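Read the figures in this text as sums done on the coordinates, not as results from a lab. Just so it is clear, the structure is predicted and the values come from calculations on it, not from any experiment. Every residue, glycine among them, receives a Cβ derived from its backbone with ideal geometry; neighbour counts consider all protein chains shown.
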Amino acid sequence: MSDIILAVTECQVAPGETAYFPFAASTAYGIPSIHDFNVISDNPDFSPEWVRFRRSAGDSYGPHYILEISPADIGRSQYGAYPLRVSWGEAGTYRYAAGRCALIVRPCVRAVTEPAAKIWPAGQVCLSLENHGSTGIDVSVSIRHRGSDWSKEWDFELPAKDDPFSFSGRFDPPAGKRSGDFELAVSAAGVPLVRRTVRARRPLIPRRLIAA
């Protein structure tokens, strides 16, 4: 029996970082060499030059290895998800084993502060981002009312510079959609950065005093 068991099935990295996928290989045909493994992706932007295999210490379920993936020289089209298949041997034969995992390459964009949103007395979204990459990145900010189809979205380019970039967007939900929960989402180059729930709270209205 041949099998490949991955300990980590999803890893998210930015260019310059390394994703680590430890795995164990069990075969009936000896101990595989690191040169016997292969990794492919359904995403055509995946580069074999990012890949490195090495042995790792382990004493259970056969020999242990680590698949290391270091994305480099990333263009705008290469951000996103890469479904991966790690394999040994020749597909369609009894000398074959495979396992699956996923790599997500995200831009070098980080939130300087936690994005904030308020509903009352007026709707507003505020955030501050830093782009540590060498090129501008397309950013999308959206807020959506849960329970209805109302939403508001802003798209802008985050320039490549050292200083934080501040964004502020205003919105005005229609009547009947000013209460309940809203979902705030921020993505860069199509890769999610932030997703949180914002709950609308009506301001307290003091009771009017009635003269005796």
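Assorted remarks:
- Computed P(r) (all Cα pairs; region 3-105; 10 Å bins; percent): 15, 49, 28, 8, 0
- Residues considered: Y96, Y20, Y65. Largest GNM mean-square fluctuation over the chain, using C-alpha springs under 10 Å, is found at Y96.
- Between region 13-51 and region 88-159, the alpha-carbon center distance in angstrom: 25
- Percent RCO, i.e. relative contact order, over region 109-199, from Cα pairs under 8 Å lying at least 6 residues apart: 30
- Positive-pole candidate from A91, I66, V13, dipole of region 1-123, charges at beta carbon: V13
- Cα-based reach from K118 at 17 Å (exclusive), listing lysines while leaving out same-chain residues under 8 positions away: K152, K177
- The HN-Hα couplings worked out from phi for region 87-99 by the Karplus form 6.51 cos²θ - 1.76 cosθ + 1.60 (θ = phi - 60°) are 9, 9, x, 10, 4, x, 10, 6, 9, 8, 8, 8, x Hz, whole numbers, x standing for Gly and Pro.
- Shape of region 68-201, Cα gyration tensor, a/c cut at 1.5: oblate
- Remark: region 32-38, residue by residue, has Karplus-estimated 3J(HN,Hα) of x, 7, 4, 7, 8, 9, 9 Hz, where x stands for each Gly or Pro and the curve is 6.51 cos²θ - 1.76 cosθ + 1.60 at θ = phi - 60°.
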